[in-house]
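> Below you will find the structure I want to go over with you.
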Amino acid sequence: MTEFWETSFIKNQTMWGFEPADSAILTKELFKEKNVKDVLIPGIGYGRNAKVFMENGMDVTGIEISKTAIELARESGLEIPIFHGPVSDMPFDDRQYDGIFSYALLHLLSEESRVKFIRDCYGQLKPGGHMVFTTISKEAPMYRKGTQLGENYYEIMEGVKMFFYDRESIKRDFGDYGLVEVTEMMEPHKNEEGKPPFPFMVITCRKEI
């Protein structure tokens, strides 16, 4: 998986453009409303979703598996703490954060890794804090494409495995972690005009005080 993402970055270094995802903008509004001061972003990539939080007075810490992505983040002026490594190695510090935002990462993990990732994020959330995950839904065009590895889990191309969420599986995976809301949204491809938007689920959780 690491090799796949490194190759992707080399082939198209800024594959998603520099504009923040709509779900990041939506989460920024939630975090502003809840007076979030510090945000953890696992899978920060080259930082396109970080700046929307920073521009609104929030401190951001990232986690990223790709050295190439971290280098691109630095080249774009993103001088924030970024831990290099997979989210399976969380936690990287002993801090708790007011907010956690994870974009398009959860569905790339195996079942065991998803369970650990959600648990680790919840563990690093301050009481009263919110964590938001955007993940691919079963409405995605590649659902049921490629080789089936398990229920709603497919290898859509060599080395790329995806779990496709619906409301039932979200309730199962997040029911013990303060699940508040599930929103379906279509994310536009902001750097590719004419390409149809992509179906995501936005999962919002709150840690009880």
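> Gap in Å between the Cα centre of segment 28-52 and the Cα centre of segment 157-191?
18
> Kindly state, to the nearest 0.05, the FRET efficiency for residue 96 paired with residue 145, given R0 = 41 Å and r defined as their beta-carbon distance.
0.55
> So what is the diffusion coefficient of the chain in µm² per second by Stokes-Einstein at 25 °C and 0.890 mPa s, using a Kirkwood Rh over Cα pairs?
In µm²/s, the coefficient rounds to 142.
> For residue 126, enumerate residues with amide H under 5 Å from its amide H, sequence gap 5+ or separate chain, H modeled in the peptide plane.
97, 98
> Here's something else I'd like to know. How big is the gap, in Å, between the Cα center of segment 119-138 and the Cα center of segment 74-109?
12
> Among 92, 133, 101, which one moves the most in a GNM of the chain with springs linking Cα atoms closer than 10 Å?
92
> Quick one: Karplus J couplings for segment 70-82, per residue in order, coefficients 6.51, -1.76, 1.60, θ = phi - 60°, nearest Hz, x for Gly and Pro?
5, 4, 5, 4, 5, 5, 8, x, 8, 9, 10, x, 10
> Right, something else. Between residue 109 and residues 5 or more places away or on another chain, which pairs have amide H atoms under 5 Å apart, with H built 1.01 Å from N, and which residues are they?
Those lying under 5 Å, H to H, from residue 109 are 163.
> R0 = 25 Å: FRET efficiency of residue 186 with residue 119, Cβ-based, nearest 0.05?
For R0 = 25 Å, the calculated efficiency reads 0.30.
> Tell me which residues come under 5 Å, amide H to amide H, from residue 47 once H is placed; ignore anything under 5 positions away on its chain.
Amide H neighbours of residue 47, under 5 Å, 5+ apart: none.
> Can you give the net charge of the other residues whose Cβ lies under 13 Å from the Cβ of residue 85, counting K and R as +1 and D and E as -1?
Net charge around residue 85: -3.
> Let me ask something else. Using the Karplus curve 6.51 cos²θ - 1.76 cosθ + 1.60 with θ = phi - 60°, what ³J(HN,Hα) values do you get for each residue of segment 43-49, in whole Hz, with x for Gly and Pro?
Taking θ as phi minus 60°, the curve returns x, 6, x, 9, x, 5, 8 Hz for segment 43-49.
> What pairs in 116/171; 51/161; 116/207; 28/138; 28/51 have C-alpha atoms more than 19 Å from each other?
Going by Cα-Cα distance, 51/161; 28/138 fall outside the 19 Å limit.
None of the figures in this text is laboratory data; all of them are computed from the coordinates on show. Keep in mind that this is a model prediction, so the values were computed, not measured. Neighbour counts are summed over all protein chains in view; Cβ atoms, including those assigned to glycine, are modelled from backbone coordinates with ideal geometry.
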